[in-house]
Amino acid sequence: MTDFQTIVVTRTGRTATITLNRPQALNALNSEMMIEVLAAAEELDRDPRIGAIVLTGSDRAFAAGADIKEMAQQTFAQAYGGDLFGAWERLARVRTPVIGAVAGYALGGGCELAMLCDLLIAADNAKFGQPEITLGVIPGMGGSQRLTRAIGKAKAMDLVLTGRQIGADEAERSGLVSRVVPLEDLLSTAREIAERIASMSLPIAMLAKDAVNAAFETTLAEGIRLERRSFHAAFATDDQKEGMAAFIEKRPAEFTGS
Ligand code: CAA
């Protein structure tokens, strides 16, 4: 994989980890980091040997937001003309499951990047927030939409209008993260989850991710239709035959991704 300046990418078996690595700026998301995260995620997504991706930062910061120093002087014409932060949406189109492992600050674009992941686990020191209003802007990487869908209007308004941060427990209570673990267990837990997902059938995991994501995009009736069609399509795979045969024969399934 390409030599990166702002991230570190490691592979272990069928999983990969992308680690944000600008410690001097608390992993603030500058354009170089955006280009690198997207390039790495899309390359891993094209690799059928990779069944799950972990996205993480440091113990102190997942990411403290978009790089304020880089964007401070932008004009409207530059922000609009360059579609500032628009490219991050490419991460939502990655089909391989992405597990966000958040320790420390996940603020502004950092919180929005976390919410671009499919499944979020948090260390007990994690802090989430959308402080953009304190800078005279609003969330610009999907926060007003994804946070509201994740935790509801009441909490989303609270965070977006006041800029206050919430800790890991409140984030879990609110439905933003699926699990909270001690800081020292964060990466091992995220990797265990990634390995478990990667041990399943990759095309089936993609169908499952797609179906859950459809709940955010469409009506209930349309979503149910999509789910049922995808469920039916699963019967066209060898992995469905293997999964059900393994159950009946009381042995572990060996999925091949076909
Ligand atoms: N952009 C650029 N640099 C940042 C940064 C950011 N978002 N967050 C932190 N840094 C830099 C600081 O400037 C500082 O650099 P120097 O040592 O060169 O001064 C270094 O990281 C360490 O930060 P602090 O000294 O501030 O550390 P702290 O522990 O005192 O505070 C913090 C931590 C509360 C996270 C604080 O750094 C902070 O409030 N950061 C900004 C958070 C923020 O507002 N994020 C939203 C950005 S806007 C956005 O994301 C828009 C969008 O929707 C996409």
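The values are calculated or read from the model by the stated rules, or taken from the named source; none is laboratory data. Not measured: the values here are computed from a predicted model. No Cβ is skipped: glycine too gets one built from the backbone with ideal geometry, and neighbour counts run over all protein chains shown. Side chains are part of the model used for accessible areas, which takes the heavy atoms of the whole protein and leaves out ligands, DNA and RNA. Shrake-Rupley method; radii C 1.70, N 1.55, O 1.52, S 1.80 Å.
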Checking the table 127/209; 209/250; 69/209; 209/241 against a 32 Å threshold on Cα-Cα, which pairs fail? 69/209
Distance in Å, no decimals, from the C-alpha centre of the range 1-58 to the one of the range 204-225 is 26 Å
Among the trypsin sites (Lys or Arg not before Pro) in the range 140-187, which ones are in a DSSP loop with at most 11 other Cβ atoms within 10 Å of the Cβ? Mind listing them? none
Selection from 159, 236, 92, by position along the positive dipole direction of the chain (Cβ): 236
Given the Cα-Cα distance of residue 234 and residue 219 and 0.36 nm per residue of separation, how much length would full extension add, in nm? 3.2 nm
With all protein chains present and a 1.4 Å probe, how do 15, 218 order by accessible area, largest first? 218, 15
Just the C-alpha atoms of the chain: what Rg/Rh do they give, with Rh taken as the Kirkwood radius? 0.99
Solvent exposure of the range 12-75 as accessible area per residue, Å², 1.4 Å probe: 45 Å²
In Å, what Rg and Dmax follow from the Cα atoms of the range 201-249? 12.3, 39
Toy charge model, Lys and Arg Cβ at +1, Asp and Glu Cβ at -1: the chain dipole around Cα centroid in debye, rounded to 20, equals 460 debye
Heavy-atom accessible area of residue 157 with all protein chains present, probe 1.4 Å, nearest 10 Å²? 90 Å²
Three semi-axes of the equivalent ellipsoid, the range 123-258, Cα gyration tensor, whole Å, largest first: 36, 21, 11
Under the Karplus relation with 6.51, -1.76 and 1.60 and θ = phi - 60°, whole-Hz ³J(HN,Hα) for the range 24-36, x at Gly and Pro, equal 5, 10, 6, 6, 4, 8, 9, 5, 4, 5, 4, 4, 6
With all protein chains present, how much of the accessible area of the range 7-198 (probe radius 1.4 Å) comes from carbon and sulfur, to the nearest whole percent? 53 percent
